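Undergrad: Below: one structure in structure tokens.
The values are calculated or read from the model by the stated rules, or taken from the named source; none is laboratory data. The shown structure was predicted, so the numbers you read here are calculated from the model rather than taken from an experiment. Backbone-built Cβ (ideal geometry, glycine too); neighbour counts: all protein chains shown.
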Amino acid sequence: MLLHETFPASLIKVPLEAEDKDEAFEELVALFCQATGNPARDEILAAVKDREAKMSTGIKKGIAIPHGKTNAVDRVYGVLGVSKKGVDYDALDGEPVYLLFLMLAPQKDSEKHLRLLKRLAELLDNPAFYTDLVSQKDAASAHAVIRKFEDVLIALD
């Protein structure tokens, strides 16, 4: 599975309105449930918050990859939030987060989840990916940035 398939435009929120981590989780999970018709909002939100309680997923300057495993989803999904003002995230570097890549996976789908995290990490190693993504004004253009950078990465493999 490819990142641009995991993070379709329908699961991208630009701009993310949340000001803190909990609001961001609420906003992204609400978008996911609305876009997919999944009624398990509370269970999904609990899985994300439980994982986050173990250690902050604010991993790089301006970037967080919150994730949760729950059988309330049938495959790996990605929900992207792009914040213009920054989210108070309790990130490891203490800085606000502007990109939140929420990943949801079933309990037994670790391999696919890990492959997608690895691909995302490869994209995030390219500073231009971050810069291009945070400058987008809507979900469709943010999705196009993911696809463009992923296509380049695939071509290099």
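Undergrad: Looking at this structure, is VAL14 farther than 19 Å from LEU117 by Cα, of a type in the set (A, V, I, L, M, F, W, C), modelled with pLDDT of 95 or more and in a strand (DSSP E or B)?
TA: yes
Undergrad: Next up: Can you name the number of the only condition in (1) in a strand (DSSP E or B); (2) hydroxyl-bearing (Ser, Thr, Tyr); (3) out of contact with any helix residue (DSSP H, G or I) (no Cβ under 6 Å at 6 or more places or on another chain) that SER56 fails?
TA: Going through the list (1) in a strand (DSSP E or B); (2) hydroxyl-bearing (Ser, Thr, Tyr); (3) out of contact with any helix residue (DSSP H, G or I) (no Cβ under 6 Å at 6 or more places or on another chain), SER56 breaks only (1).
Undergrad: Now for a separate question. Yes or no: GLU19 touching a residue at least 40 places away in the same chain (Cβ under 8 Å) and over 15 Å from LEU104 (Cα atoms)?
TA: Answer is yes for this residue.
Undergrad: Moving to a separate point now. Looking at GLU111, GLU150, GLU52, which one is of a type in the set (Asp, Glu), surrounded by 16 or more Cβ atoms within 10 Å (Cβ to Cβ) and more than 17 Å from LEU16 (Cβ to Cβ)?
TA: Numbers: GLU111 fails: surrounded by 16 or more Cβ atoms within 10 Å (Cβ to Cβ); GLU52 fails: more than 17 Å from LEU16 (Cβ to Cβ).
Going through GLU111, GLU150, GLU52 in turn, the sole match is GLU150.
Undergrad: Just the residues that are part of a loop (DSSP other than H, G, I, E, B), out of contact with any Asp or Glu (no Cβ under 6 Å at 6 or more places or on another chain) and not acidic (Asp, Glu), please, taken from the range 17-46.
TA: If the condition is that a residue be part of a loop (DSSP other than H, G, I, E, B), out of contact with any Asp or Glu (no Cβ under 6 Å at 6 or more places or on another chain) and not acidic (Asp, Glu), then GLY37, ASN38, PRO39, ALA40 are the ones that fit.
Undergrad: Which of the residues spanning the range 74-127 are under 12 Å from the mean Cα position of the chain (by Cα) and without any contact (Cβ under 8 Å) to a residue 12 or more places away in the chain?
TA: Result: ALA121, single match.
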